Amino acid sequence: MSSNYTVNCLLDSVAKTCGEGPFWEPVTKTLYFVSIADGEVHLWSEPNNYHSTIQVGEQPGNFVSFVIPCQSGGFLAGINKSIVHCDWQAGELKRRVLHKVDPQEPIRFNDAKCDPAGRLLAGTMSLEKEAGLVMKPGAGSLFGLDLDGSIKTLDTGFSLSNGLGWHGNTFYFTDSVARVIYAYDWDAEAFSISNRRVAIDFSKLPEQEKLGVPDGLAVDADGRLWVACFFGSRVLCLDPQSGQVVSQIPMPVPNVTSCCFGSDGELFVTTANHWGVREGEQPPPQAGSVFRVTGLDGIRGTPSVIADQGLLKVIKMPSNYTVNCLLDSVAKTVGEGPFWEPVTKTLYFVSAFDGAVHLWSEPNNYHSTIQVTEKQGSCVSFVIPCQSGGFLAGINNTIVHCDWQAGELKRRVLREVDPQEPIRFNDAKCDPAGRLLAGTMSWEKEAAVLMKPEAGSLFGLDLDGSIKRLDTGFSISNGLGWHGNTFYFTDSLARVIYAYDWDAEGFSISNRRVAIDFAKLPEQEKLGVPDGLAVDADGRLWVACFFGSRVLCLDPQSGQVVSQIPMPVPNVTSCCFGSDGELFVTTANHWGVREGEQPPPQAGSVFRVTGLDGIRGTPSVIEGPFWEPVTKTLYFVSIFEGEVHLWNEPNNYHSTVKVSEQPVSFVIPCQSGGFLAGASKSIVHCDWQAGELKRRVLHEVDPELSNRFNDAKCDPAGRLLAGTMSLETNAGAIMKPNAGSLFGLDLTMETGVSLSNGLGWHGNTFYFTDSPVRTIYAYDWDAEGFSISNRRVAIDFSKLPEQEKLGFPDGLAVDADGRLWVACFYGSRVLCLDPQSGQVVSQIPMPVPNVTSCCFGSDGELFVTTANQWGVRDGEQPPPQAGSIFRVTGLDGIRGTPSVMYKGSLPPISD
């Protein structure tokens with residue numbers, strides 16, 4: 001083993017009692033672990049370097065011993081002697097006990113892992129009087145939770161069940177009190193173990209008295225065991241064949257609890273804090289930390305396995321659903337490719353042979369059409385919004401990016417495939433990382449009659465813009481989706497849905513096999529052919545049946561029908577999930593109808609299925625004033641009217657939402673749907689339910705003060721920061737100076753501000769404005785601690801040239817180079833300021849005096865809001881265009897930092 005490794009403290013003393021059970025999830029590069037006696041699950045995201053904590057134990061004294069993410073969403077946790085499934089519903093953590101073991105024994109779960117098939121093995125142990133001193137020796141067992149939800153005892157007689165893992169046909173399992181790691185013969189098919197023998201006996205190792213006891217372990221690709229040593233200050237690398245030490249990694253704390261492999265050459269190590277420390281003593285520095293060992297060159301770990309959805313109890317399928325026609329006969333030929341965008345509650349879909357992309361906005365109940373191609377005989381087969389703005393469309397055999405520039409739709413061909421073949425794109429989706437997978441098919445003479453069978457392929461468009469062929473030989477490439485490490489893909493003509501092993505890191509698929517064969521389903525002759533599909537959170541496939549008048553819900557594990565939804569038209573083309581319990585379904589119009597016949601009523605309609613209680617879909621993945629770039633929508637407020645405004649650029653459509661009778665000072669869309677608004681001194685979540693705006697107060701601040709919220713923004717992690725101010729007698733004349741504060745949702749960050757205003761970030765610096773003192777402050781920003789410190793003056797308006805003409809700093813935006821673009825109330829301009837020098841870089845004169853805020857849109861574009869009557873003397877009239885929204889274009893070379901949506905969890909909105 002390389003000796004050039006490095007041990008770094010990743011999360012300092014993060015576990016208050018006993019950090020344990022690390023699990024590395026490679027797709028999102030997230031480390032899960034627990035703090036046992038605190039009842040906490042911890043997550044650390046490598047891409048964002050962001051650490052969060054979830055309180056899983058509902059009461060003090062609840063031990064949470066392991067955490068394993070589930071394929072179907074949420075995670076499994078060992079809480080005391082129960083295996084519990086935890087998941088979020090409407091922003092709230094829900095817990096569901098799957099199994100409770102040995103109710104009469106003084107035991108709890110300890111370590112657990114999933115086998116390569118996703119089945120859970122979890123060990124119990126006696127409760128402890130103190131670390132390592134168990135109440136009832138030999139009371140622990142090893143349990144196996146199978147894919148049908150059943151649980152069985154695999155072995156018994158352990159005092160302190162601990163580290164476990166696999167290598168080939170051998171299973172390893174630890175009893176810490178006995179200081180032994182056992183080996184078993186592993187029968188994967190029967191889900192059983194046999195032939196227990198000692199693989200590692202700590203009492204026989206060199207300098208065994210210094211090693212402590214074996215705790216959690218990880219197995220590398222060569223079958224070596226990497227064992228955490230509690231009371232031993234190290235991780236040992238052991239050869240289970242010889243029973244000897246290969247190498248060791250000294251750790252800076254005594255009580256090392258477990259480890260797991262991350263990327264190649266990387267090991268995460270958890271440790272205990274107060275657990276195992278004698279009464280009256282203090283734990284050493286860094287106890288309870290998570291450490292990251294890097295530079296283990298040549299060492300590859302066996303990957304952590306997430307829990308299969310079969311471990312969860314199957315819920316009863318709802319029967320009280322309703323099918324409603326949402327958009328009647330909207331597609332002239334083939335409606336296809338529905339995509340639900342939850343932030344703005346917008347449904348995208350195509351009408352394939354009309355060359356049209358359709359959008360339906362739920363809040364406004366507004367439907368619009370975009371003509372993507374005018375060319376006769378062309379086909380637009382899919383639409384997927386892009387994170388950077390605009391959308392991707394499949395036009396014939398090309399992938400095209402469409403976006404608006406100066407009100408005009410611009411098209412740019414990204415890739416063309418198989419130019420010599422008579423093929424076109426058909427269905428497509430983005431994987432959880434936002435990469436595009438799109439299938440092709442032969443052109444058709446008529447519905448399902450191909451010019452060239454098996455000419456289709458599946459292509460993958462990677463984030464670097466490169467494209468590769470993932471598989472070939474399909475006649476009609478169709479419905480696709482993911483569940484955990486499985487990818488599904490449909491060939492309609494073969495009437496088959498295939499399953500593949502999905503390698504997210506390699507962006508590849510392998511091991512093709514049949515998951516669903518329509519020819520083998522009951523009454524298969526009535527089902528037609530499988531078309532587009534959606535995957536729910538439990539891994540079931542919801543499949544549109546062309547020629548079949550229904551949507552089938554199928555279990556890909558058993559290959560059987562779970563339930564079905566009859567539709568009032570024969571040619572059902574695709575479906576996607578909307579909100580919980582809601583499914584959107586597209587259909588064909590003339591396509592598939594015999595010559596001379598007329599399509600039935602409602603053919604080509606989009607239908608909305610509601611009342612699918614308990615069904616949650618996997619979300620579609622998308623590649624102040626607030627600019628939302630996906631749908632090109634500008635949000636802003638009219639403060640004293642209590643209104644939120646939305647302007648959609650593609651349709652040049654403006655709408656207004658009445659939020660409150662009180663002043664509404666900010667609006668920020670939420671990633672989970674709806675938006676946050678500052679209504680007087682409350683933070684309110686607003687969302688539409690059944691076409692009606694519902695409001696829920698999340699927080700109210702300063703109940704004893706005559707204050708209201710003013711400006712707000714979300715930090716790059718999606719957390720809200722919002723400032724308050726004293727109420728005004730008129731513009732700029734506040735009732736109580738220095739009464740305002742800056743809040744981080746639940747957390748007061750700063751106080752003593754008169755009129756909280758413009759805020760923003762650049763790197764590790766946070767900017768915040770107090771308008772009456774004409775100052776923009778800079779702070780040090782601690783993203784991990786969600787805190788600010790070291791306040792200093794970045795910009796003092798009183799020291800700027802011609803300061804008497806500038807008015808007051810109001811809202812601001814930060815560009816990609818860290819310059820501040822500041823609206824000047826009473827100043828008739830937007831200033832561009834350099835916060836390093838405190839000087840003016842440039843300015844944009846505006847045709848009205850009271851400029852209130854600004855935000856960046858597309859590159860080189862700035863939206864500017866202004867006041868109308870506010871700030872105008874009694875008896876005077878506001879100037880023309882006061883209260884207008886202005887759009888500044890042509891700021892060449894200027895890129896804004898994007899507005900960030902609120903990403904926090906939200907409670908459900910009730911009636």
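Go through CYS402, SER176, GLN282 and say which Cα lies farthest out towards the positive end of the charge dipole of the chain; charges sit on Cβ, +1 for Lys and Arg, -1 for Asp and Glu.
SER176
Quote the relative contact order of the stretch 322-610 in percent (integer), defining contacts as alpha-carbon pairs under 8 Å separated by 6+ residues.
Dividing the mean separation by the residue count of the stretch 322-610 yields 16 percent.
Loop only per DSSP, at most 11 neighbouring Cβ atoms within 10 Å: give me the GluC sites (Glu not before Pro) in the stretch 9-90, ordered by residue number.
Values: sites: GLU20, GLU40, GLU58; in loops: GLU58.
Passing both the DSSP loop test and the Cβ count: GLU58.
Residue by residue, what Karplus-based ³J(HN,Hα) values in Hz, rounded to whole numbers, does the stretch 601-615 have, using 6.51, -1.76 and 1.60 with θ = phi - 60° and x for Gly and Pro?
Residue by residue, the stretch 601-615 yields x, 6, 4, x, 7, 9, 10, 10, 9, 10, x, 7, 4, x, 9 Hz.
Step through the residues of the stretch 835-842 one at a time and calculate ³J(HN,Hα) from phi using the Karplus curve (6.51 cos²θ - 1.76 cosθ + 1.60, θ = phi - 60°), rounding each to whole Hz and writing x for Gly and Pro.
Running phi through 6.51 cos²θ - 1.76 cosθ + 1.60 with θ = phi - 60° gives x, 6, 9, x, 10, 6, 8, 6 Hz.
Express the Stokes-Einstein translational diffusion coefficient of the stretch 6-312 in µm² s⁻¹, to the nearest whole number, given a Kirkwood radius over alpha-carbon pairs, 4 °C and a viscosity of 1.567 mPa s.
Details: Rh = 18.9 Å.
The estimated diffusion coefficient comes to 68 µm²/s.
Using DSSP to define loop residues, name the trypsin sites (Lys or Arg not before Pro) in the stretch 325-403 whose beta-carbon has at most 12 other beta-carbon atoms within 10 Å.
For trypsin sites (Lys or Arg not before Pro) across the stretch 325-403 that sit outside H, G, I, E and B with at most 12 neighbouring Cβ atoms in 10 Å, the list reads LYS375.
Rounded, prolate or oblate: which one fits the stretch 322-610, using the alpha carbon gyration tensor with axes a ≥ b ≥ c (rounded when a/c is under 1.5, else prolate when a/b beats b/c, else oblate)? Kindly include the intermediate steps, with their values, before the conclusion.
Numbers: a/c = 1.22, a/b = 1.05, b/c = 1.16.
It is rounded, given that a/c, with a ≥ b ≥ c, falls under 1.5.
Given labels modelled 7 Å from the Cα in the Cβ direction, how far is it in nm from VAL449 to GLU374?
Roughly 3.2 nm, to one decimal.
Using θ = phi - 60° and the Karplus curve 6.51 cos²θ - 1.76 cosθ + 1.60, what whole-Hz ³J(HN,Hα) does each residue of the stretch 809-814 get, with Gly and Pro shown as x?
Each residue's phi maps through the Karplus curve to give x, 10, x, 9, 10, 10 Hz.
Round to the nearest 0.05 the FRET efficiency obtained for VAL514 and THR472 when R0 = 25 Å and r is the Cβ-Cβ distance.
Computed FRET efficiency for VAL514 and THR472: 0.90.
If you place +1 on the Cβ of every Lys and Arg, -1 on the Cβ of every Asp and Glu, and leave all else neutral, what size is the dipole of the chain about its Cα centre, to the nearest 20 Debye?
360 debye
Mind checking the dipole of the stretch 322-610: about its Cα centre, +1 per Lys or Arg Cβ, -1 per Asp or Glu Cβ, Debye to the nearest 20?
280 debye
With every protein chain left in place, what is the accessible area per residue of the stretch 322-610 in square angstrom, probe 1.4 Å?
About 37 Å² of surface per residue is accessible.
Can you give the alpha-carbon Rg of the chain over 2.2 N^0.38 Å, where N counts its residues?
The value comes to 1.03.
Of the GluC sites (Glu not before Pro) in the stretch 354-462, which ones lie in a loop per DSSP and count no more than 12 other C-beta atoms within 10 Å? Write down the numbers at each step before the final one.
Working: sites: GLU374, GLU408, GLU416, GLU444, GLU446, GLU454; in loops: GLU374, GLU454.
Sparse-neighbourhood loop GluC sites (Glu not before Pro): GLU374.
Quote the FRET efficiency, to the nearest 0.05, computed for ASN4 versus HIS699 with a Förster distance R0 of 45 Å and r equal to the Cβ-Cβ distance.
It comes out at approximately 0.35.
With a 1.4 Å probe and every protein chain kept in, tell me what percent of the accessible surface of the chain is carbon plus sulfur.
After summing per-atom areas, the C and S share lands at 46 percent.
Consider just the alpha-carbon atoms of the stretch 291-415 and return their Rg together with their Dmax, both in angstrom.
21.3, 62
Quick one: net charge of GLY123's neighbours, Cβ under 14 Å, K/R +1, D/E -1?
Result for the local shell: -3.
Whose amide H sits under 5 Å from the amide H of CYS70, counting only residues 5 or more places off or on another chain, with H placed in the peptide plane?
For CYS70, whose amide H was placed from the backbone, the distant partners under 5 Å are PHE75, LEU76, ALA307.
For a Förster distance of 25 Å, can you work out the FRET efficiency between the beta-carbons of SER263 and GLN241, rounded to the nearest 0.05?
So, using R0 = 25 Å, E works out to roughly 0.40.
Collect residues whose amide H, placed 1.01 Å from N in the peptide plane, falls under 5 Å from the amide H of VAL562; neighbours closer than 5 in sequence don't count.
So VAL562 has HN proximity to CYS553, LEU554, ASP555.
What is the sum of charges around VAL888, taking Lys and Arg as +1, Asp and Glu as -1, for the other residues whose C-beta is under 15 Å from the C-beta of VAL888?
Here the charged neighbours net out to -1.
How much solvent-accessible surface does TRP166 expose, in Å² to the nearest 10, with a 1.4 Å probe and all protein chains in place?
The value for TRP166 is about 30 Å².
Determine the dipole magnitude for the stretch 197-344: charges of +1 sit on the beta-carbon of Lys and Arg, -1 on that of Asp and Glu, nothing else is charged, the reference point is the Cα centre, and the result goes in debye to the nearest 20.
For this selection, approximately 280 debye.
Mind running the shape call on the stretch 486-598? Use the C-alpha gyration tensor, a ≥ b ≥ c as the square roots of the eigenvalues: rounded below 1.5 for a/c, prolate if a/b tops b/c, oblate otherwise.
It comes out prolate by the Cα gyration axes.
List the residues, sorted by chain then number, that are 5 or more residues from VAL330 or on another chain and whose placed amide H is less than 5 Å from its amide H.
SER605, VAL606
The values are calculated or read from the model by the stated rules, or taken from the named source; none is laboratory data. Just so it is clear, the structure is predicted and the values come from calculations on it, not from any experiment. Here Cβ is always computed from backbone atoms with ideal geometry, including for glycine, and neighbour counts include all displayed protein chains. With ligands, DNA and RNA removed, areas are computed over all heavy atoms of the protein, side chains included. Shrake-Rupley method; radii C 1.70, N 1.55, O 1.52, S 1.80 Å.
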